[in-house]
Amino acid sequence: MSEAAARILVRSAGMDDLPALAALFDGYRVFYGQPSDPTRAAAFLRQRLERGDSHLLLAVDAQGNALGFTQLYPLFTSVGTAPIELLNDLFVAPQARGRGVGRALLRRAAEDARKRGAVRLELQTTVDNATAQALYASEGWARADGFIGFSKGL
């Protein structure tokens, strides 16, 4: 483990982390083309934390500065008749990139999901996000070929 990676702590996030999480989440949404809206970001995450319907992890440095986050949602595989989790959000602050933060978040997410009984993690990324795809592949994730995803706005 590199010295930089050794100084990254990934932990479960709680309501006390909301300001830092909201700033990261807003950056995540902006990365995917949404307008910056810190109030909306905070409200969405507050609701997740209050309802307990997602699992939020926060990566911090030795001084407690927020470096990145990930959010997982519990799902089920009907065919496999088992719980799985959707790693829906993963974001590393621009100034923290290249330090192993994303890798640390992925590893902790897998560890925690396994402890909760999940048999698989799933995620999606944009076709042009080569950096993320390389990270996922280096951590043992495989492309889910054989399926085509669809989406319908409601």
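Derivation of every value follows stated rules applied to the coordinates shown; laboratory data play no part. Keep in mind it's a predicted model, so treat the numbers as computed, not measured. FYI the Cβ positions are ideal-geometry reconstructions off the backbone, even for glycines, and counts take in every protein chain you see.
Observations
- Considering the conditions (1) free of Cβ contacts under 8 Å to residues at least 40 places away in the same chain; (2) outside any strand (DSSP E or B); (3) over 15 Å from the mean Cα position of the chain (by Cα), ASP26 is excluded by exactly one of them, (3).
- Look at (1) surrounded by 15 or more Cβ atoms within 10 Å (Cβ to Cβ); (2) touching a Phe, Trp or Tyr at 6+ places or on another chain (Cβ under 6 Å); (3) of a type outside the set (D, E, K, R) and you find that ALA66 fails only one, number (2).
- Some residue of the stretch 90-100 being under 22 Å from ARG51 (Cβ atoms) and either part of a loop (DSSP other than H, G, I, E, B) or among the charged types (D, E, K, R) (or both): no
- Near pairs, Cβ below 9 angstrom, 6+ apart or cross-chain, from the stretch 125-154 (closer than 20 Å to ARG108 by Cα) to any residue that is surrounded by 10 or more Cβ atoms within 10 Å (Cβ to Cβ) and of a type in the set (Lys, Arg): THR131/ARG97; LEU135/ARG103; SER138/ARG103; GLU139/ARG103; GLU139/ARG107
- Which listed residue, of LEU56, LEU87, LEU105, LEU72, is crowded, with 19+ Cβ neighbours inside 10 Å and not in a strand (DSSP E or B): LEU105
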